[in-house]
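*Asks:* Right, I'll just put the structure down here and ask away after.
Bear in mind that the values in this text are calculations on the coordinates, not laboratory data. None of these values were measured; they are calculated from a predicted model. Neighbour counts run over all protein chains shown; Cβ positions are idealised from the backbone, glycine included.
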Amino acid sequence: MSALVDTKTDTKRGTRGTARRIGARHLLALGQWAVTLALTAFLVVPVVMSIMAGLTVNYFRGISSGLTLRWVGQVWAQYHASVFVSLEVAAATLVITLLTGVPAAYALARSKTRAARIVEELLVLPVALPGLASALALIIVYGGYAPFRTSVAFIVAGHVVFTLPFMVRAVAAVAASADLRVLEEGAASLGATFWQRFATIVLPNLRPGIVAGALAVVTLSIGEFNLTWMLHTPLTKTLPVGLADTYASLRIEIGSAYTIVFFLMTMPLLVAMQWLGLDATGQRALRERAGARR
C-alpha cells in the first residue's frame, strides 16, 4: 500500500515538474516575442512616420491636415533625373561586378593556396574602410582626369569597389560548397572543354550565389551615400544624395516624400531576396538545396 502511495506521489511531482518546465518555456517564448516586436517597432515606426509625413498636407498638424500626393509629385518633377542616374549607376555596377566578381569568386573557391586567401581578404578592405576614405582615394588617383571625374563612370567605379566584395563572397560561398571540382573532372573525362564545363556545370551551380550577389549589389548601389556624396557632381546626383539635399534645404514633407520614392525603389529588391529564399551569401539557398537532397 505504501509503495502505491509513493508511486502516486512521484507521479504528481513529475507532473508538477513538467508543468513548471512548460510554463517556463512559454514565458521565455513570450519574452522573446516581446523583445522581437519591440525591436521591430523601434525600426519600423520611424519609417512609417516618415512616409506619413510625405503624404500629409502639413507635417506639424499631422493627418488632420489631410492627405496629399502633392509632395511626391513635386519630388518627381524636381529629382526624377536622380532616379534614372541611380538606376544607370546600379545597372552598370551590376554588369561589371558580374563580369569580374563571378570569375574571381570561382578562381578563389577552387584555389586552396594561401595567396588566394590573402587576395580574398584584400577584396574586403573597401567594406572595412569608411566610404569617404575610399572616395578620397579615388579622387586622389583619378580626379585629375576631368572627363572621367565629371562623368557617371566615376561614381560607377566607386560603387564597383564597394560592392564587388559582396558579389565575390556570395558566389565563392556557393562555389566552395558545390563540389565543382568533382563535377568538372567528371565532365572533363567525357571530353568537355573548359568553356563547356563553365557554361553547363559551373554557372548553373553558382546561380544561387549569383542571384544573391546581384540583388545585394543593386540594393547597395542604389542606397550608397557616403562614397557617392564625395564623387558626385551637380549633373551626376544620385537618389541618396538628392535625399540628403531635400532634408537639408527644403520642407520636411518634401524630404519625406523623397523617402517614399526611395522606399518604392528598394523594397522590391528586398522582397525579391526573401521570395527567392536568398541571403547576402546565398547560404540559405544552399541549406534548402541540401535538405532537398536528403
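*Asks:* At 10 °C and a viscosity of 1.306 mPa s, what translational diffusion coefficient does Stokes-Einstein give for region 41-190, taking Rh as the Kirkwood radius over Cα pairs? Give it in µm²/s as a whole number.
*Replies:* Approximately 81 µm²/s, per Stokes-Einstein.
*Asks:* Using the count of nearby Cβ atoms within 10 Å as a rough guide to exposure, how do 64, 134 rank from fewest to most?
*Replies:* 64, 134
*Asks:* Can I ask one more? Can you tell me the equivalent ellipsoid semi-axes for region 69-293? Use √(5λ) from the Cα gyration tensor, largest first, whole Å.
*Replies:* Over the Cα atoms of region 69-293, the ellipsoid semi-axes are 37, 21, 14 Å.
*Asks:* I would also like to ask the following. Got a sec? How would 189, 221 order by Cβ neighbour count within 10 Å, fewest to most?
*Replies:* Ascending number of Cβ neighbours within 10 Å: 189, 221.
*Asks:* For the pair residue 146 and residue 272, what calculated FRET efficiency results from E = 1/(1 + (r/R0)^6), where r is the Cβ-Cβ distance and R0 = 35 Å, to the nearest 0.05?
*Replies:* 0.35
*Asks:* Take 219, 266 and order them by how many other Cβ atoms sit within 10 Å, fewest up front.
*Replies:* 266, 219
*Asks:* Could you state the orientation-averaged shadow area of the convex hull built on the Cα atoms of region 54-137, in nm² to one decimal?
*Replies:* 9.4 nm²
*Asks:* Using unit Cβ charges (K, R positive; D, E negative) and no other charged atoms, how large, in debye to the nearest 20, is the dipole of region 69-293 about its Cα centre?
*Replies:* 360 debye
*Asks:* Suppose each label sits 7 Å from its Cα in the direction of the beta carbon; what would the residue 182-residue 251 distance come out to in nanometres?
*Replies:* Spacing of the two 7 Å Cα→Cβ label points: 6.5 nm.
*Asks:* Hey, got a sec? Which trypsin sites (Lys or Arg not before Pro) in region 108-165 land in a DSSP loop and have at most 15 other Cβ atoms within 10 Å?
*Replies:* Counting only loop positions with at most 15 other Cβ atoms within 10 Å, the trypsin sites (Lys or Arg not before Pro) in region 108-165 are 112.
*Asks:* Using per-residue counts of other Cβ atoms within 10 Å, averaged over each peptide, order 161-172, 37-48, 68-79 from highest down.
*Replies:* Per-residue mean Cβ counts within 10 Å order the peptides as 161-172, 68-79, 37-48.
*Asks:* Round to the nearest 0.05 the FRET efficiency obtained for residue 116 and residue 60 when R0 = 35 Å and r is the Cβ-Cβ distance.
*Replies:* With a Förster radius of 35 Å, E is 0.05.
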